[in-house]
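The values are calculated or read from the model by the stated rules, or taken from the named source; none is laboratory data. Being a predicted model, the structure only gives us computed values, none of them experimental. All Cβ positions, glycine included, derive from the backbone under ideal geometry; neighbour counts span all protein chains shown.
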Amino acid sequence: MKKTTTIIPILVVSTLLLTVVFSAGVMAKMTGEEVLDKVDQKMDSDSRDFILDMTIVNQNGQERDRKITIKTKGDNKGIVKFLEPGDVKDTALLTREKNGEENMWLYLPSIGNVNKIASHSKSGNFMGTDFSYNDIDMVGGSNYKKDYDSKLIGEEKVNGDLCYKLSAVPTKDSINYSEMEMWVRKDDFMPLKLKFYDKDDKLHKIMINKNYRNIDSHLTPETITMENVQKGSKTILKLKEVKYNVELPDRIFTTRYLTRN
Amino acid sequence: MIKKITVVFMVLFLVIALPTSVKGYQLDSKFSQKINYLNNEEIYEGLTELNMEFTKDFGMNKKLYLNPVFKLKLSENARFEETGLNEKPFEDNDYDFLREGYMDIYLKNADIRVGKQNVDWGSAYELNPTDVINPIDFTAEEPTSAELGVPAVKTDYYFNFNTSLSGVLVTKHRASLIPKTVENMINDTAENMIYKEIYSQIYEQNKNKSSAQTTTNSIMKNNFTINEAEERKILDSSDSPEFALQLTRRNFNGYDLSLNYFKGYEDLPLIVSDYEDVKAELGQIIKETTSTNISSETTSIDFGYKKTQALGFSGRGSLGSMGVWTEINYNINEDEEKKLDAIIGGDYTFGNNLYTVAQLFYRNYNDYEINDILKNAGKETLLKDQTYLLLHGDIPFRSIHKFNTDLIVDLGGNGYMLNPEVELSLGTDYSLDLGAVIMDQDDTKDFSTLNMLGNEKTYVEFTWNF
């Protein structure tokens with residue numbers, strides 16, 4: 001009888017220990033793909049409507065300000081439009097993805113016409129910023145898992161927050177990076193830092209997401225900084241207005257809407 | 001001049017003093033001051049422009065857009081006195097004050113634009129052969145971007161995301177503005193042709209040079225006139241209206257494609273008189289003059305804007321890692337004179353953000369009567385077949401500034417034009433452009449495409465957006 005009473009607590013403790021060990025094992029074995037999946041899930045939204053202040057800072061510290069709006073619907077439609085200043089006002093970029101193929105159209109008011117952008121241009125600078133067309137598309141709504149194959153390479157702290165560290169390679173030719181490193185906060189799967197390497201495997205850009213706020217149940221960084229370490233310039237995006245899951249009619253995501261000022 | 005300067009700067013002051021939004025109007029303004037040094041003429045000229053854009057949203061899917069422009073030429077010196085090509089055919093304050101002014105109405109599947117407007121068609125870089133609706137101000141500093149607004153109604157109907165149909169009705173034909181000196185050159189050419197015709201006929205009869213010359217001069221003075229072209233008021237006449245259609249299909253196998261049709265009038269003046277009739281009338285005049293010393297008959301060479309039809313095609317997409325495009329426009333006028341414009345081009349962005357464009361432009365004039373006239377006058381280069389190669393490159397530096405270069409080469413061996421430029425961003429709203437136009441032309445007096453793009457100059461331009 002005494003034996004039995006001794007065995008039960010041992011079994012309970014063992015089970016608890018096994019559960020903890022097993023769970024820890026599962027967590028430790030979380031793959032890069034699973035982490036990216038979690039990131040995409042956490043940032044997923046039916047639609048987004050952002051207004052952002054943009055500051056371009058060159059290597060001499062000279063600053064130029066812009067104001068843009070980004071609207072996205074699902075993970076296959078997006079539009080970026082410049083609101084200020086006058087020389088770029090109404091310049092607009094439409095992105096639509098169908099059957100895995102991404103198409104972009106650019107409206108330049110000075111030309112007065114909507115033109116399709118060649119696939120290679122998507123890796124070029126977006127309107128003089130340190131973001132490429134692909135990067136700016138990512139700001140509107142993450143599609144990391146679709147655009148990158150990733151693996152977990154460790155854990156590191158970023159500004160005191162423990163993060164998963166991922167190494168990811170792009171799956172699309174139009175992404176002109178050889179590799180992306182990503183630090184994802186373990187607590188909430190929010191990406192805090194991303195490093196992009198060029199085709200020569202040299203560090204090209206660093207993106208930092210700061211001051212996550214909970215807006216409409218979505219964690220949203222107040223500030224996104226893209227630094228081009230090769231040039232010494234950076235572009236800072238500050239969120240001014242953020243709306244999630246708003247009603248955005250499909251007609252907004254058309255070349256017809258691009259030309260409306 | 002002082003008055004004009006005062007007016008422009010008073011308007012500028014008022015615009016600055018106004019808030020950007022007045023009684024529902026959104027106001028965006030751009031002030032620019034350009035100083036050109038014309039290398040050949042060795043003179044400076046100043047060009048001041050205040051460009052304002054008013055937009056008012058009336059709700060109910062209606063929007064008003066007004067684009068008034070104040071322009072001032074600070075130099076009173078004759079511009080381009082050597083070639084005269086960019087000399088205004090009117091006073092220096094005579095320009096389109098209202099560049100565009102229209103109302104937009106957005107319906108469920110259609111957008112309607114009514115008023116004075118530019119209609120921009122085509123997919124090529126800078127030069128668009130299918131962009132046939134608006135005439136061009138060839139007297140402007142940069143004619144490639146100087147379309148003249150036309151009074152029109154434009155309707156864009158969207159069948160779905162990929163397919164749309166545009167219809168444009170132009171209520172009054174508007175001709176291109178060409179420099180007065182070019183008009184004079186064309187008139188002189190026609191006059192010389194008639195002079196030669198009369199002289200040769202009289203000389204054949206009397207074999208006396210002096211007498212033939214005197215009689216020819218008398219006929220030229222008393223019995224012959226040149227009538228310049230007049231713009232046609234389409235709806236006031238019994239002619240059918242000027243209209244255009246464009247069918248667009250986006251993303252067709254990755255390409256955006258458009259098919260265009262235009263029916264209207266040529267934008268450049270051509271001789272509309274039947275030359276055989278003129279010759280017959282001249283024969284009668286010569287006969288009467290040589291027998292009675294006087295003739296009451298008259299004849300004329302009339303310039304006009306011929307009725308024309310054009311069919312165009314444009315396409316744009318990717319080929320491998322390059323962007324590619326093509327544009328073709330085939331024009332046939334009432335006298336079955338044909339003109340073909342074709343462009344093929346591509347662009348590529350390098351890893352260091354160097355953006356490059358290469359574009360080939362071909363123009364063929366077929367059976368244009370004026371070709372013979374020009375041949376007689378030794379002006380074969382005018383309206384001859386033309387092939388040009390355009391190369392463009394731009395690259396940002398220090399993130400906010402840009403180097404910009406355009407090179408246009410006449411593959412017929414008639415020279416090139418090089419336009420290097422530095423765009424400096426002085427602030428979020430200020431910029432300064434420094435550049436030069438370098439020309440290599442055999443005959444700078446010709447009405448060739450290269451000459452129409454500008455003259456040799458060095459320039460600096462300050463722009464302020466507010």
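Among the residues of the range B:428-456, the ones that are surrounded by 15 or more Cβ atoms within 10 Å (Cβ to Cβ) and at pLDDT below 90 come to 16 in all.
Assess whether A:Thr220 counts as being surrounded by 15 or more Cβ atoms within 10 Å (Cβ to Cβ), under 16 Å from the mean Cα position of the chain (by Cα) and at pLDDT 95 or above.
Working: surrounded by 15 or more Cβ atoms within 10 Å (Cβ to Cβ): yes; under 16 Å from the mean Cα position of the chain (by Cα): yes; at pLDDT 95 or above: no.
Judged against the criteria, A:Thr220 is not a match.
Contact map, the range A:200-229: first residue closer than 18 Å to A:Lys240 by Cα and in contact (Cβ under 8 Å) with a residue 60 or more places away in the chain, second residue part of a loop (DSSP other than H, G, I, E, B) and not aromatic (Phe, Trp, Tyr), Cβ cut-off under 7 Å, separation 6 or more or different chains; pairs are A:His218/A:Ser45; A:Leu219/A:Asp188; A:Leu219/A:Met190; A:Met226/A:Asp130.
For A:Leu194, indicate whether it is in contact with a Gly (Cβ under 6 Å, 6 or more places away or on another chain) and either buried (at least 21 other Cβ atoms within 10 Å of the Cβ) or in a loop (DSSP other than H, G, I, E, B) (or both).
no
When you scan the range A:181-199, do you find a residue that is acidic (Asp, Glu) and under 20 Å from A:Ser132 (Cβ atoms), even just one? Yes, the conditions are met somewhere in the range A:181-199. Scanning the range B:247-268 for residues that are more than 11 Å from every other protein chain (Cβ to nearest Cβ) and buried (at least 18 other Cβ atoms within 10 Å of the Cβ) returns B:Asn260, B:Phe262, B:Gly264, B:Tyr265, B:Glu266, B:Asp267, B:Leu268.
Residue-by-condition table, conditions (1) modelled with pLDDT of 95 or more; (2) under 18 Å from the mean Cα position of the chain (by Cα); (3) not in a strand (DSSP E or B):
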residue: A:Leu106; (1), (2), (3): no, no, no
residue: A:Ile111; (1), (2), (3): no, no, yes
residue: A:Asp130; (1), (2), (3): no, yes, yes
residue: A:Lys146; (1), (2), (3): no, yes, yes
residue: A:Leu152; (1), (2), (3): no, yes, no
residue: A:Glu155; (1), (2), (3): no, no, no
residue: A:Lys172; (1), (2), (3): no, yes, yes
residue: A:Asp188; (1), (2), (3): no, yes, yes
residue: A:Asp200; (1), (2), (3): no, no, yes
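Candidates in the range B:270-287 are the residues that are among the β-branched types (Val, Ile, Thr) and in contact with a Ser or Thr (Cβ under 9 Å, 6 or more places away or on another chain); of these, the one that is farthest from B:Tyr199 (Cα to Cα) is B:Val278.
Being more than 8 Å from every other protein chain (Cβ to nearest Cβ) and under 18 Å from B:Asn353 (Cα atoms) is the filter here; which residues of the range A:105-134 pass it? The answer is A:Leu106, A:Lys122, A:Phe126, A:Met127, A:Thr129, A:Phe131, A:Ser132, A:Tyr133, A:Asn134.
Please determine, by comparing only the residues of the range A:138-178 that are within 28 Å of A:Asn76 (Cβ to Cβ) and of a type in the set (Asp, Glu), which one is farthest from the other protein chains (Cβ to nearest Cβ). Write out each step before concluding.
From the range A:138-178, those within 28 Å of A:Asn76 (Cβ to Cβ) are A:138-152, A:164, A:166-178; that's our starting set.
Those left that are additionally of a type in the set (Asp, Glu): A:147, A:149, A:173.
Details: A:Asp147: 18, A:Asp149: 22, A:Asp173: 8 Å.
Selected residue: A:Asp149.
Inside the range B:285-300, can you point out the residues that are loosely packed, with under 14 Cβ neighbours inside 10 Å and closer than 20 Å to B:Ile271 by Cβ?
Here is the first cut: in the range B:285-300, the residues loosely packed, with under 14 Cβ neighbours inside 10 Å are B:291-294, B:296, B:298.
Result: B:Thr298, single match.
Scoring B:Tyr203 on the criteria (1) out of contact with any Asp or Glu (no Cβ under 9 Å at 6 or more places or on another chain); (2) under 25 Å from B:Glu266 (Cβ atoms); (3) surrounded by 15 or more Cβ atoms within 10 Å (Cβ to Cβ) leaves a single failure, condition (2). Applying the set (1) in contact (Cβ under 8 Å) with a residue 60 or more places away in the chain; (2) buried (at least 22 other Cβ atoms within 10 Å of the Cβ); (3) over 18 Å from B:Arg250 (Cβ atoms) to A:Asp149 leaves exactly one unmet item: (2).
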